[in-house]
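Right, one structure below, let's go through it.
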Protein chains: 2
Amino acid sequence: MVFLFRRERCDFMLNTGSFVLKGNIFYSKAPDEIICVPEGFIVCVHGKVRGVYEVLPKQYANINIIDYGDKIIIPGLTDIHTHAPQYSFRGLGMDLELIEWLNRNAFPEEAKYSDLDYAGKAYTIFANDLKKSATTRACIFGTIHVEATKLLMDLLEETGLKCMVGKVNMDRNCPEYLCESGSVADTRKWLQEVAHEYENVTPILTPRFFPACSETLLEGLSRIQKEFNLPVQSHLSENLAEVEWVKELFPEALSYGDAYNRFELFGKEAPTVMAHCVYITEGEIELMKRNGVFVAHCPESNTNLSSGIAPVRAYLNHKLNVGLGTDMAAGSSNSIFKAMTGAIQVSKLRWRLADQSLKPLTVEEAFYLGTKGGGAFFGKTGSFEEGYEFDAVVLDDSNILHPQPLTLKERLERIIYLSDDRNIHDKYVAGRRIGKAIETGFDNTLGLTGVD
Amino acid sequence: MVFLFRRERCDFMLNTGSFVLKGNIFYSKAPDEIICVPEGFIVCVHGKVRGVYEVLPKQYANINIIDYGDKIIIPGLTDIHTHAPQYSFRGLGMDLELIEWLNRNAFPEEAKYSDLDYAGKAYTIFANDLKKSATTRACIFGTIHVEATKLLMDLLEETGLKCMVGKVNMDRNCPEYLCESGSVADTRKWLQEVAHEYENVTPILTPRFFPACSETLLEGLSRIQKEFNLPVQSHLSENLAEVEWVKELFPEALSYGDAYNRFELFGKEAPTVMAHCVYITEGEIELMKRNGVFVAHCPESNTNLSSGIAPVRAYLNHKLNVGLGTDMAAGSSNSIFKAMTGAIQVSKLRWRLADQSLKPLTVEEAFYLGTKGGGAFFGKTGSFEEGYEFDAVVLDDSNILHPQPLTLKERLERIIYLSDDRNIHDKYVAGRRIGKAIETGFDNTLGLTGVD
């Protein structure tokens, strides 16, 4: 009872959305520029960052200061591509390439989500684990099932994380048990039912990928996109066989990306994120840049399915929008920190084995991709610059022992390479403290000072 | 006090080295053959595996049975290449290639081990963390320092892990502060001092790598090898620039491997493990096969230092001895499970980007490499076949939640991809229960039955 009382009190104190966090602060301004403010102050006013300061300005002296001591505070991480129903088989059945993997692993599992009991069990695990991670925002594929997708949205809403969730659309080249006959109507029904239902969760249009969507379906989705003013998520050029397949299916398109573009589902009309982009052409890069399409780089997935390595350095050179995705369950981990190290690692192997004109990514760049880079898909998120949504993760690295003194930059680097959910001390999303896990509730050992 | 009493009692019961473990048992017989015995019994007699049984044979009915219920029991993992003094900077300074990385990161850190206080702090962390992992045996580089290396051996001895530890030899092409003038004499002194000192830890001859050892030194080490009958560990063909450098330093050798061979330090005289082998020739493969040289495949290290990807499939095809190494701190993790997934992952990228004649590794093969493959460097270890040393890890995967039923094979696969030190429930080395961590002591909640 005492616990509940303290938890409510804590929520109440912070729900005004105006407070100050004190700690060792890091955030990205640009891919090659990380700002570090040791023992600094971040001021959050009405859920938005007002500023980061070495010394707290006098005008904020009267708002709550939460002192995290020597801990490290970074912007919340954003996962711009993952599949909630596949989380159940993460770490399983990795010895296949994309198309066979879909047919053998992904599709049979996704079929189970017609059963709401099963969906409830599976999505509770997914949502709890996501809350325990350093992720504060995510773009998430559900399945074709309206009810299960609503349940997923319900569960994510409770976590306090900001998520875009999509009911998947697919009506061709897929097993009969997942092949929709009324995909557009179901999508409209879903959108009507979820409208104004949630504070944290919003719908996103989710054609599975070009080969699984008929032209009629894509035309219908394009109309729905405009009617509901929705963002869009899908897959692009993950695997060589898939790229060839799209050419066969739609030879009139100049490229895979152009195929989506011809159905007005490629960024011009709405914010759009395309997962993978392992094999894209110069023309596609130009089109993506013009349309502001986001690349969701999913290094572990592209490795596990032997897809290849996306040339992220080229995308950064072209100033494309790029963020990171965990792409479970082709990726095995829900950690965007692991996606950061994965991005660095595969860029090194690509440099060594394929193309020495594209330098490997640095740790600064990977941190940018997992924070501000992907965060931009949600608007002004993923940084502590003025006016940004206040998403923050407080990290306790005290269990990663070391004999030598470390600089703050070194501590951040070790967190990126070595941390797991035990290092997530606290989380804030849009100015609201959500804690780290549903099961364990909040950590009430904080030193709250300046409370009036 | 109660805790200590129970701990001692538990040690006493098990120290006879004869007992039975019950659980879901896995072990490799060959790279493509994992044996699974659900709810099976492993009989350990005097520290060695007597057999694995579906039903416990009557003659063992009177020895202690430790029932691990639904947990999974596998052979202890073997790490055949790592650097203890580099553990302190794991996850740091990854944006360099080998030679620059040695000069900027590894050498300055290793110099600190002339200070025994520092060495004690650092090696305590290393040894504790190794004990918490699934590793039961390891081949470990120390530094050039005799006293610090003895301290490392003392600390490892206490863990109960079986380790081969090497005082490093280097007398050229290295910073003055690490360049030995009396390397052979120091090595002899070290070997004399550690002889008969340890039950679990044994010395291994450790020339750093060919470029850092003068011909005089290599000749001296070869004599010491014979005098003390020592195994040998070193590095081979990790990086393209390094391979070229060896050619310049010793043009009369047919290959990098042949350079070691000409100093009788390449497997013919003694068990020898060479880390990396990213770039080796057909001739070298033949020589390694003839001499029984072990390849320590270190996938994360080879990735982080942009070295490349070793063609492990080719080595398996040639029936070379191959095991896995974490190679900290070029690898960031001390987990051989992570080395298993890393081995699979880089083999897929090598297949995709470089050479489609060499199929990616499977999860069965990676499990083999991390158990029986590398274990063979310690003799009959890394399997539960009859006569093998009884090294076992008991794994509790109950915190990796899932909504669907899983087969045992699927549970093992998830452990390989997803587990961390929290999943290590118990450990046995050479028939002795060592528990999992120094700090937390033993888990005394086991259901011990049949105790007389």
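With label points defined 7 Å past Cα in the direction of Cβ, position residue A:35 shows copy-to-copy spacings of 6.2 nm, given to one decimal and shortest first. Here is how far apart the residue A:355 label points are across copies: 2.3 nm, shortest first, using a point 7 Å from Cα toward Cβ. Each 10 Å bin from zero up to the one holding the largest Cα-Cα distance in region A:254-359 carries the following percent of pairs: 15, 47, 33, 6. Mean projected area of the Cα convex hull of region A:57-129, taken over all directions, amounts to 9.1 nm².
What sits nearest the axis between copies A and B, counting only chain A Cβ atoms, is the residue and whole-Å distance A:353, 2. Here region B:348-401 and region B:316-346 have alpha carbon centers that stand 9 Å from each other.
Dividing the summed -39500 (n - 2.57) terms of all DSSP H runs of n ≥ 4 by the residue count of chain B sets its mean residue ellipticity at 222 nm at -10000 deg cm²/dmol.
More than 32 angstrom separation, counting every C-alpha pair in region A:77-378; what % is that? Everything past 32 Å amounts to 17 percent. When only alpha carbons are used to place a centre, region B:272-314 and region A:268-313 end up 34 Å from one another. For region A:180-339, the orientation-averaged shadow of the C-alpha convex hull comes to 9.8 nm² (one quarter of the hull surface).
Remark: for residue pairs A:162/A:380; B:131/B:427; B:268/B:289; A:121/A:427; B:48/B:167; B:29/B:380, the C-alpha separation exceeds 18 Å in A:121/A:427; B:48/B:167.
Which of rounded, prolate or oblate describes region A:87-212 when judged by the alpha-carbon gyration tensor and an a/c cut-off of 1.5? Working shown, then result.
Details: a/c = 1.83, a/b = 1.18, b/c = 1.55.
Oblate, because a/c is 1.5 or more while a/b does not exceed b/c.
Near residue A:51, the amide H atoms lying under 5 Å from its own belong to A:43; only residues 5 or more places off or on other chains count, and H is placed 1.01 Å from N. Distances, shortest first, from the label point of residue A:317 to those at the same position in the other copies read 3.4 nm; the point lies 7 Å along Cα to C-beta.
Counting other Cβ atoms within 10 Å of each Cβ, which GluC sites (Glu not before Pro) in region A:207-293 have at most 10 and sit in a DSSP loop?
Numbers: sites: A:215, A:219, A:227, A:238, A:242, A:244, A:248, A:252, A:264, A:269, A:282, A:284, A:286; in loops: A:238, A:252, A:264, A:269.
Hits after loop and neighbour filter: A:252.
How high is the relative contact order of region B:265-366? Use alpha-carbon pairs under 8 Å, at least six apart in sequence, and give a whole percent. Before the final figure, lay out the partial values.
On the way: 170 pairs, mean separation 24.2, N = 102.
Relative contact order comes out at 24 percent.
Max-minus-min Cα coordinates of region A:333-404 on each principal axis give 41, 39, 24 Å, with the largest extent listed first. Converting phi to 3J(HN,Hα) with the Karplus coefficients 6.51, -1.76 and 1.60 and the offset θ = phi - 60°, region A:254-269 yields 6, 6, 4, x, 5, 4, 4, 4, 5, 9, 6, 10, 9, x, 6, 8 Hz in sequence order, with x at every glycine or proline. Its convex hull of Cα atoms gives the protein assembly as shown a direction-averaged projected area, equal to a quarter of the hull surface, of 38.0 nm². The mean sequence separation of alpha-carbon pairs under 8 Å and at least six residues apart, normalised by the residue count of chain A, gives a relative contact order of 22 percent.
Based on DSSP, what percent of beta bridges with both residues in chain B are antiparallel, to the nearest 5?
On the way: 30 of 64 bridges.
Close to 45 percent.
Under 5 Å between amide hydrogens, built in the peptide plane, is the criterion, and for residue B:214 it picks out B:171, B:172 among residues at least 5 positions away or on other chains.
Taking 8 Å as the Cα distance limit and 6 or more residues as the minimum spacing, I'd like the relative contact order of region A:181-312 as a percentage.
Working: 179 pairs, mean separation 28.4, N = 132.
Value for region A:181-312: 22 percent.
Express in whole angstrom the spacing between the alpha-carbon centres of region A:117-189 and region B:60-131. Going from one Cα centre to the other spans 41 Å.
No lab work stands behind these numbers, since they all come straight from the coordinates. Everything quoted here is computed from the prediction, not taken from an experiment. All Cβ positions, glycine included, derive from the backbone under ideal geometry; neighbour counts span all protein chains shown.
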